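Participant: Dumping the structure here so I can ask a few things about it.
The values are calculated or read from the model by the stated rules, or taken from the named source; none is laboratory data. This structure is a prediction, so every number in the text was calculated from the model and none was measured. Positions of Cβ are generated from backbone atoms using ideal geometry, with glycine treated the same way; all protein chains shown enter the neighbour counts.
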Amino acid sequence: MASLTIRNIDDDLKRKLQIRAARNGRSMEQDLRLALQNLVAEERKPRLRSEAEARVIYEQLRALRQPPLEPIDQKAVSDELYDYLP
């Protein structure tokens with residue numbers, strides 16, 4: 001198993017971590033190991049959105065299904081994009 005060393009921890013932070021671990025009935029090392037596991041696990045979970053955020057995204061996706069208001073000159077767009085190629 002791997003080891004991890006964290007240097008230059010503020011004394012106040014270390015004390016708070018010790019108190020947190022004691023409150024949880026674990027050693028500080030055990031508590032930090034669990035906290036790191038939870039932190040990484042939360043990154044994998046999809047973030048839940050509020051109803052308002054979901055409605056905005058829904059409306060944006062709905063707008064994509066509608067045809068453009070005016071015809072697109074595909075040749076002009078292609079030529080313009082070509083100008084940016086190296």
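Participant: Only one of Arg33, Arg49 is modelled with pLDDT under 85 and either surrounded by 10 or more Cβ atoms within 10 Å (Cβ to Cβ) or within 23 Å of Thr5 (Cα to Cα) (or both); which? I'd like the intermediate steps shown before the answer.
Facilitator: Working: Arg33 fails: modelled with pLDDT under 85.
Going through Arg33, Arg49 in turn, the sole match is Arg49.
Participant: Could you list, in sequence order, all residues of the range 52-86 that are of a type in the set (Lys, Arg) and exposed (fewer than 10 other Cβ atoms within 10 Å of the Cβ)?
Facilitator: Restricting attention to the range 52-86, the residues satisfying the condition of being of a type in the set (Lys, Arg) are 55, 62, 65, 75.
Hits for the range 52-86 are Arg62, Arg65, Lys75.
Participant: Would you check if Arg20 is more than 22 Å from Leu4 (Cα to Cα), under 30 Å from the mean Cα position of the chain (by Cα) and not aliphatic (A, V, I, L, M)? Break it down into steps so the answer makes sense when it comes.
Facilitator: Numbers: more than 22 Å from Leu4 (Cα to Cα): no; under 30 Å from the mean Cα position of the chain (by Cα): yes; not aliphatic (A, V, I, L, M): yes.
For Arg20, the condition - more than 22 Å from Leu4 (Cα to Cα), under 30 Å from the mean Cα position of the chain (by Cα) and not aliphatic (A, V, I, L, M) - is not met.
Participant: Looking at Ala2, is it in contact with an Asp or Glu (Cβ under 6 Å, 6 or more places away or on another chain) and not β-branched (Val, Ile, Thr)? Full working, then the answer.
Facilitator: Details: in contact with an Asp or Glu (Cβ under 6 Å, 6 or more places away or on another chain): no; not β-branched (Val, Ile, Thr): yes.
Criteria not met by Ala2.
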